[in-house]
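A.B. asks: Sharing a structure, written as structure tokens. Questions coming.
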Amino acid sequence: MDNFINPNLPTGEVEGAWQKTVQDLSNITTEKKNKFEIIIVGCGLSGSSAAATLAEEGFKIKLITYHDSPRRAHSVSAQGGINAARSLSDEKNKVVIDQLFKDTVLGGDFRAREASCQRLSELSSSIIDQCVSQGVPFAREYDGTLATRRFGGAVVSRTFYARGQTGQQLLYGAYQALSRQVNLGKIELITKRDVLDLVIVNNIARGVIARNLINGNLETHKAHCVVLATGGYSNVYYLSTNSLKSNATAIWRAHKRGANFANPSFTQIHPTCIPPGGIYQSKLTLMSESLRNDGRIWLPKKINSKDKSNYYFMQGYEKKIMGDFNGALADYSRAISINPNDPDYYYFRGWLRAKPEIRDLPGAAADLEMLNRLEPNNVQNLLDLSTIYSRALFPFEAYKLLDMAQRIEPDNGNIVWWRGIFIIKSGKLPVGCRFVREARRMKASDYNSTMLKACN
């Protein structure tokens with residue numbers, strides 16, 4: 001445990017732990033709130049909302065932004081909607097919260113922090129209420145209730161939206177609330193400032209050093225605490241839908257001052273984008289997430305011989321998403337018959353064959369073996385193939401593949417993790433649990449705390 005960073009999560013069961021923590025917190029009286037100064041860096045959707053809400057509560061706010069207006073923030077580009085666990089019935093609220101929690105954990109391949117997912121699920125309905133109070137014109141049904149639609153990764157319809165401009169309307173609503181507090185003198189809006197460093201006192205951020213982009217002068221701003229709301233960092237990738245101003249420099253300053261930067265690979269990549277149309281267009285243009293849901297299948301109008309295999313592969317992938325597994329299997333096979341040397345085709349067909357709806361485990365193993373021949377020394381392929389063999393009750397072959405993977409990457413904790421899982425499944429719980437605990441010590445990305453409960 002010494003190698004793990006303490007996230008200061010509430011103790012006890014995930015469900016109800018946050019409520020108890022909030023109840024145990026000390027309240028700050030109104031008279032004391034106006035004595036606390038807070039610096040918020042960034043004026044996008046999160047920064048503007050936080051500033052407006054905290055100012056409404058009575059705190060003194062300094063909002064520092066790189067832009068000349070909050071409306072220049074990148075959140076304006078978001079289109080599709082915002083998910084929330086919300087029900088008109090109090091009895092059903094717990095059900096929808098649990099469903100959002102499960103979908104979030106599952107959608108994150110069990111890698112997300114469960115306590116944070118639970119907190120998000122519990123607060124999501126209040127976030128919608130806050131947006132409505134700030135004037136966001138969400139779509140409504142004929143009876144006046146808020147309308148929803150279903151997005152990818154969601155089992156139920158729980159996405160609240162404002163036509164195809166949800167991000168824009170959310171940002172403008174927050175901007176309205178922010179402007180009101182600025183006019184009341186509760187928020188000092190400081191524009192065109194580039195934050196260069198954090199002021200740290202006793203390991204606590206107490207201010208920032210910023211450069212005035214107009215005259216180049218350096219400025220020091222102090223406060224009781226600092227909130228960084230400076231946007232994402234997807235521009236580290238060659239292609240991104242983020243604006244060029246979303247450069248993650250403030251995050252990097254905080255990291256240099258000792259802040260931990262966890263899971264930097266966990267960034268959203270949108271598969272539906274319009275590529276740059278000319279030399280004057282600097283980035284990809286985002287298409288709404290709704291365009292890849294509700295049965296929509298995007299395919300080229302004309303198929304040439306060069307793209308024919310990819311055409312069938314993409315068609316098969318869309319059919320798999322829609323639940324037509326046999327149709328997807330047929331399309332994957334047609335893609336392979338046209339281009340038998342693409343490893344992705346074998347990977348997706350292999351895992352499709354391994355699904356309970358198909359359960360062609362010998363075929364799945366054959367596909368992944370072919371994948372291994374096309375991409376030798378790929379540890380992930382070996383782990384996937386060992387999992388298939390384990391399901392097919394061929395433990396010797398599964399262990400042999402794990403041995404091959406360990407020779408390639410001896411320090412890979414995921415190999416240790418899966419070795420422990422296979423041993424536990426064979427009925428040798430104490431031996432398997434030793435491997436599971438070792439994988440935890442090695443910080444294996446496949447590690448799941450649920451299995452450790454079985455060991456305890």
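A.B. asks: Determine whether Phe101 is at pLDDT 85 or above, buried (at least 19 other Cβ atoms within 10 Å of the Cβ) and under 24 Å from the mean Cα position of the chain (by Cα).
C.D. replies: yes
A.B. asks: Can you find even one residue in the stretch 442-456 that is at pLDDT 75 or above, surrounded by 14 or more Cβ atoms within 10 Å (Cβ to Cβ), aliphatic (A, V, I, L, M) and not in a helix (DSSP H, G or I)?
C.D. replies: Within the stretch 442-456, one or more residues are at pLDDT 75 or above, surrounded by 14 or more Cβ atoms within 10 Å (Cβ to Cβ), aliphatic (A, V, I, L, M) and not in a helix (DSSP H, G or I).
A.B. asks: Still on this model: What are the pairs, 6+ residues apart or on separate chains, where a residue within the stretch 204-219 that is touching a residue at least 12 places away in the same chain (Cβ under 8 Å) and farther than 20 Å from Leu189 by Cβ has its Cβ under 7 Å from a residue that is among the hydrophobic types (A, V, I, L, M, F, W, C) and not in a strand (DSSP E or B)?
C.D. replies: Pairs that qualify, where the first residue is touching a residue at least 12 places away in the same chain (Cβ under 8 Å) and farther than 20 Å from Leu189 by Cβ and the partner is among the hydrophobic types (A, V, I, L, M, F, W, C) and not in a strand (DSSP E or B), are Arg206/Ala223.
A.B. asks: Continuing with this model, one more query. Taking Ala405 as the residue in question, decide whether it is closer than 23 Å to Asp324 by Cβ and at pLDDT 80 or above.
C.D. replies: Working: closer than 23 Å to Asp324 by Cβ: no; at pLDDT 80 or above: yes.
Considered against the rule, which asks whether it is closer than 23 Å to Asp324 by Cβ and at pLDDT 80 or above, Ala405 comes out as no.
A.B. asks: Any residue in the stretch 392-400 that is touching a helix residue (DSSP H, G or I) at 6+ places or on another chain (Cβ under 6 Å) and of a type in the set (Ser, Thr, Tyr)?
C.D. replies: No, there is no match, as no residue in the stretch 392-400 is touching a helix residue (DSSP H, G or I) at 6+ places or on another chain (Cβ under 6 Å) and of a type in the set (Ser, Thr, Tyr).
A.B. asks: Checking His255 against (1) of a type outside the set (A, V, I, L, M, F, W, C); (2) over 21 Å from Ser46 (Cβ atoms); (3) free of Cβ contacts under 8 Å to residues at least 12 places away in the same chain, only one condition comes out false. Which one?
C.D. replies: (2)
A.B. asks: What residue, among those in the stretch 357-381 that are buried (at least 20 other Cβ atoms within 10 Å of the Cβ) and in contact (Cβ under 8 Å) with a residue 24 or more places away in the chain, is nearest to Pro340 (Cα to Cα)?
C.D. replies: The residue in question is Leu371.
A.B. asks: Please state which one of Ile209, Ile214, Ile200 is more than 30 Å from Ile128 (Cα to Cα), over 27 Å from the mean Cα position of the chain (by Cα) and part of a loop (DSSP other than H, G, I, E, B).
C.D. replies: Ile214
A.B. asks: Where in the stretch 39-152 are there helices (runs of 4 or more DSSP H), lying wholly inside it, with at least 3 residues that are more than 24 Å from Ala250 (Cβ to Cβ)?
C.D. replies: Once the helices (runs of 4 or more DSSP H) in the stretch 39-152 are filtered for at least 3 residues that are more than 24 Å from Ala250 (Cβ to Cβ), what remains is 90-107, 114-133.
A.B. asks: Exactly one condition in (1) farther than 23 Å from Ser243 by Cα; (2) touching a residue at least 40 places away in the same chain (Cβ under 8 Å) is false for Ser75; which is it?
C.D. replies: The one condition Ser75 does not meet is (1).
A.B. asks: Hey, another quick one. Could you tell me whether any residue of the stretch 290-307 is modelled with pLDDT of 70 or more and more than 30 Å from Lys35 (Cα to Cα)?
C.D. replies: Within the stretch 290-307, none of the residues are modelled with pLDDT of 70 or more and more than 30 Å from Lys35 (Cα to Cα).
The values are calculated or read from the model by the stated rules, or taken from the named source; none is laboratory data. What you see is a predicted model, and the numbers here were worked out from it, not measured in a lab. Glycine also receives a Cβ, built like all others from the backbone with ideal geometry; neighbour counts cover every protein chain displayed.
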